[in-house]
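FYI, it's all coordinate maths here, none of it is from the lab. Bear in mind that the values here come from a model prediction, so they are computed numbers and not experimental data. We place every Cβ from the backbone using ideal geometry, glycine too, and count neighbours over all the protein chains shown.
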Amino acid sequence: MKHLLKLLDLSTEEIIGLLDFADKLKYELKNGIPHPILSGKTLGMIFSKSSTRTRVSFESGMFQLGGHALFLSASDMQIGRGEPVEDTARVLSRYIDGIMIRTFDQAEVEGLASAGSIPVINGLTDFCHPCQVLADLMTIREYKGELEGRKLCYIGDGNNMANSLIVGGLKTGMKVSIATPKGYEPWKEVLDFAKDYPNFTLTTDPIEAAADADAVYTDVWASMGQEAEAAKRRAAFAGVYQINDKVLASAKSDAIVLHCLPAHREEEITAKVFEAHAKEIFDEAENRLHAQKAVMATLMAD
């Protein structure tokens with residue numbers, strides 16, 4: 001494992017290994033056991049999209065690992081003025097020890113990795129969000145004890161979250177069901193991957209998707225960069241593609257609810273459901289820190 005560009009690149013063993021490592025790092029942090037695995041190392045964090053959890057968790061994680069993180073706004077870099085991503089990668093490779101990038105185009109992440117000589121971590125693209133899903137899988141294991149055979153349901157837009165949940169869930173032995181409106185399905189590359197798994201279901205019916213689910217997941221109807229589509233999307237999703245009491249009644253009685261945040265209450269999730277499951281959702285948010293530390297330490301340690 002040289003980079004974390006997308007979960008499609010990782011084996012089941014690599015994903016489980018990262019989750020086990022994240023559990024270890026979380027235990028050590030909670031018990032005051034230092035782990036300066038990346039002492040003297042520097043992570044460059046390139047942001048083309050705004051962030052709360054990604055920036056703070058990566059920056060704090062590098063500090064806890066004994067290293068240093070640099071915030072690099074794409075608008076303040078030459079990459080924001082047209083410098084080829086490949087040139088940026090070759091320059092940064094001579095200054096720092098790893099790159100995390102949060103951007104729009106998956107090709108930009110892949111270009112950094114192919115041209116540079118240091119590890120690249122995908123902090124989010126329009127195609128996928130691997131770090132978030134590692135945290136999600138970590139959270140499901142914490143609440144359910146195992147992933148194999150558990151059912152994960154996702155309701156909403158077939159976006160980067162749906163793409164990565166499908167891949168991460170199926171690769172770790174979960175049953176995965178996705179409910180999206182027609183025209184908002186997950187990306188073809190991901191559906192082509194999923195068609196080989198008999199425990200994958202794609203439907204337009206959230207109640208059907210949530211049936212006997214152990215974990216029910218949602219995300220906003222309009223992601224960053226889709227603001228101009230917000231009204232159209234609201235019309236397509238409203239009243240149906242929402243985690244509410246009716247949907248949860250179809251899931252297992254002890255089902256957990258997850259959301260990658262930020263949440264738009266009364267759109268993709270009701271305020272009642274959000275608050276009833278807030279512990280799970282914010283445990284999930286915390287686990288971004290631990291999962292990403294596992295990724296950074298795996299990729300950047302000597």
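Scan region 143-187 for trypsin sites (Lys or Arg not before Pro) in coil per DSSP, keeping those whose Cβ has at most 11 other Cβ atoms within 10 Å, and list them by number.
Sparse-neighbourhood loop trypsin sites (Lys or Arg not before Pro): 182.
Taking only Cα atoms, what is the 0 to 90° angle, nearest 10, from helix 160-171's long axis to the longest principal axis of the chain?
Approximately 90 degrees, to the nearest 10.
Evaluate the charge dipole of region 132-285 about its Cα centre and quote only its size in Debye, nearest 20, assuming +1 on the Cβ of each Lys and Arg and -1 on the Cβ of each Asp and Glu.
On the way: 17 positive and 25 negative charges, 43 e Å.
With Lys and Arg at +1 and Asp and Glu at -1, about 200 debye.
Mind listing which trypsin sites (Lys or Arg not before Pro) in region 33-101 are in a DSSP loop and have 15 or fewer other Cβ atoms within 10 Å?
Those satisfying the criteria are 94.
Measuring from the lowest to the highest alpha carbon on each principal axis, how far does region 73-204 reach, largest first, in angstroms?
Its Cα atoms span 45, 35, 24 Å along the three principal axes.
What ³J(HN,Hα) values, in whole Hz, does the Karplus curve 6.51 cos²θ - 1.76 cosθ + 1.60 give for region 285-292 when θ = phi - 60°, with x put for Gly and Pro?
4, 4, 5, 4, 4, 6, 5, 6
Using only the Cα atoms of region 108-162, build the gyration tensor, take square roots of its eigenvalues as a ≥ b ≥ c, and label the shape rounded, prolate or oblate: rounded if a/c is under 1.5, else prolate if a/b is larger than b/c, else oblate. Write out the running numbers ahead of the final one.
Working: a/c = 3.77, a/b = 1.82, b/c = 2.08.
It is oblate, given that a/c is not under 1.5 and a/b is not larger than b/c.
Using only Cα atoms, what is the ratio of the radius of gyration of region 196-297 to 2.2 N^0.38 Å?
That works out to 1.17 for region 196-297.
Quick one: P(r) of region 133-194 from all Cα-Cα pairs, 10 Å bins, percents rounded to integers, in order of increasing distance.
Bin by bin from 0 Å, the calculated values are 24, 55, 20, 2.
Are there GluC sites (Glu not before Pro) in region 144-189 that DSSP puts in a loop and that have at most 16 other Cβ atoms within 10 Å, and which ones?
Filter output for region 144-189: 146, 148.
Percent relative contact order of the chain, based on C-alpha pairs within less than 8 angstrom and at least six residues apart?
This gives 21 percent for the chain.
Would you mind telling me which residue in 138, 77, 100 has the biggest mean-square fluctuation in a Gaussian network model of the chain, where springs connect alpha carbons within a distance under 10 angstrom?
With Cα springs under 10 Å in the chain, the top fluctuation among 138, 77, 100 is at 77.
On a 0 to 90 degree scale, rounded to 10, what angle separates helix 106-115 from the longest Cα axis of the chain?
With both axes taken from Cα atoms, the answer is about 30 degrees.
May I ask you to work out the translational diffusion coefficient for region 132-285 at 10 °C, viscosity 1.306 mPa s, via Stokes-Einstein with Rh from the Kirkwood sum over Cα pairs, reported in whole µm²/s?
Answer, rounded: 105 µm²/s.
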